[in-house]
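Trainee: Input: one structure, supplied below.
The values are calculated or read from the model by the stated rules, or taken from the named source; none is laboratory data. None of the values given here were measured: they were computed from a predicted structure. All Cβ positions, even for glycine, are placed from backbone atoms using ideal geometry, and neighbour counts span all protein chains on display. Heavy atoms of the whole protein, side chains included, go into the accessibility calculation; ligands, DNA and RNA do not. Shrake-Rupley method; radii C 1.70, N 1.55, O 1.52, S 1.80 Å.
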Amino acid sequence: MNKVVASAADAVADIPDGASLAIGGFGLVGIPELLINALLEQGATDLETISNNCGTDGFGLGLLLERHRIRRTISSYVGANKEFARQYLAGELEVELTPQGTLAERLRAGGAGIPAFFTPAGVGTQVAEGGLPLRYDGAGGVAVASPPKEQREFDGVRYVMERGIVADYALVHAWKGDRHGNLVYRAAARNFNPPAAASGRITIAQVEHLVEPGELSPDEIHTPGIHVQRVVHVGPVTVGIEQRTVRG
């Protein structure tokens, strides 16, 4: 039951080329940056990432992106990364844009063993009808477009079917964790971490504070240890500032 591993490098050592990764965080808050940095050094490539955003220039998943280690991403907000935009428009990166709430539910559903669900989000748009550019051809045209999705009507309301997501690995950040893998997130850093943690076949958590089993009250645990296979104690982490605004 002791799921603690010695280092971030040890925790990500077996992630292979082509793996799918669910990544916690929102902007720069709750990002498992030390696990991402370890994966950068480890060398895995041709990755598919599932995250709210694909990092920023020079930080988080943006570092893997800069090294062309990400082949495909499922994301919601991607507007803060110039290299992301360049690769996407150049046809170097495949992107599946997903409404933010739908992305969270796809991860949660995958972790709960639910293969698909219906939602009104995206009905009447290319999210449901198909035609969103998954990959550009580098010359301004669309090389691969999203297919149409199944739609049904319930009680007079139109819904679109979305698939649950189960990732090969999940990388998450928690404020506290015990040796059994029970996790507690702090304030806004909770964000996408719980659904990401649930969706991974192998979930790796970096934790700021490692405690012994029994020290966490069952009422405060956000992710139970059954979802977590590896825990890395990283100590306190400083949260980055995504948009710094000053006034003279």
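Trainee: Looking only at region 210-228, count how many residues are touching a Gly at 6+ places or on another chain (Cβ under 7 Å) and assigned to a loop (DSSP other than H, G, I, E, B).
Mentor: 1
Trainee: Test each condition in (1) β-branched (Val, Ile, Thr); (2) in contact with a helix residue (DSSP H, G or I) (Cβ under 9 Å, 6 or more places away or on another chain); (3) more than 21 Å from Leu97 (Cβ to Cβ) for Ile50 and report the one that comes out false.
Mentor: (3)
Trainee: Here is a further query. Evaluate the following for Arg158: is it among the basic types (Lys, Arg) and over 23 Å from the mean Cα position of the chain (by Cα)?
Mentor: Spelling it out, Arg158 is indeed among the basic types (Lys, Arg) and over 23 Å from the mean Cα position of the chain (by Cα).
Trainee: Counting just the residues of region 134-160 that are in contact with a Ser or Thr (Cβ under 8 Å, 6 or more places away or on another chain) and of a type outside the set (Phe, Trp, Tyr), which one comes out nearest to Asp17 (Cα to Cα)?
Mentor: Checked region 134-160; the qualifying residue nearest to Asp17 (Cα to Cα) is Leu134.
Trainee: Let me ask another. What about Tyr169, is it assigned to a strand (DSSP E or B) and under 17 Å from the mean Cα position of the chain (by Cα)?
Mentor: yes
Trainee: Restricted to region 32-47, and to residues that are in contact (Cβ under 8 Å) with a residue 60 or more places away in the chain and in contact with a helix residue (DSSP H, G or I) (Cβ under 8 Å, 6 or more places away or on another chain), which residue is farthest from Asp168 (Cα to Cα)?
Mentor: Leu34
Trainee: For region 191-240, what are the residues that are touching a His at 6+ places or on another chain (Cβ under 8 Å), more than 13 Å from Ala170 (Cβ to Cβ) and buried (at least 20 other Cβ atoms within 10 Å of the Cβ)?
Mentor: Val207, Gly225
Every residue, every condition in (1) in contact with a strand residue (DSSP E or B) (Cβ under 8 Å, 6 or more places away or on another chain); (2) hydroxyl-bearing (Ser, Thr, Tyr); (3) without any contact (Cβ under 8 Å) to a residue 40 or more places away in the chain, yes or no:
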| site | (1), (2), (3) |
| --- | --- |
| Val95 | yes, no, no |
| Glu105 | yes, no, no |
| Ser146 | yes, yes, no |
| Glu153 | yes, no, yes |
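Trainee: Going through region 211-225 one residue at a time, which ones are touching a residue at least 40 places away in the same chain (Cβ under 8 Å) and over 11 Å from Leu183 (Cβ atoms)?
Mentor: Pro213
Trainee: Which of the strands (runs of 3 or more DSSP E) found entirely inside region 115-160 contain at least 3 residues meeting this: surrounded by 15 or more Cβ atoms within 10 Å (Cβ to Cβ) and at pLDDT 95 or above?
Mentor: 116-119, 133-136
Trainee: Taking region 118-145 on its own, how many of its residues are within 15 Å of Ile74 (Cβ to Cβ) and in contact with a Lys or Arg (Cβ under 6 Å, 6 or more places away or on another chain)?
Mentor: 1
Trainee: Looking only at residues that are among the β-branched types (Val, Ile, Thr) and free of Cβ contacts under 8 Å to residues at least 60 places away in the same chain in region 161-186, which one is most open to solvent (accessible area, probe 1.4 Å)?
Mentor: Step by step, filter region 161-186, then rank; the result is Val166.
Trainee: Give Tyr185, Tyr159, Tyr169 a once-over and let me know the one that is among the aromatic types (Phe, Trp, Tyr), out of contact with any His (no Cβ under 8 Å at 6 or more places or on another chain) and under 15 Å from His227 (Cβ atoms). Don't jump to the end; show me each part of the working.
Mentor: Details: Tyr185 fails: out of contact with any His (no Cβ under 8 Å at 6 or more places or on another chain); Tyr159 fails: under 15 Å from His227 (Cβ atoms).
After ruling out the rest, the residue left standing is Tyr169.
Trainee: Which of the strands (runs of 3 or more DSSP E) contained wholly in region 1-111 include at least 1 residues that are surrounded by fewer than 19 Cβ atoms within 10 Å (Cβ to Cβ)?
Mentor: In region 1-111, the matching strands (runs of 3 or more DSSP E) lie at 47-50, 70-75, 94-97.
Trainee: Further, regarding this structure: Just wondering, is there one or more residues in region 13-20 that are more than 21 Å from Arg179 (Cα to Cα) and of a type in the set (Ser, Thr, Tyr)?
Mentor: yes
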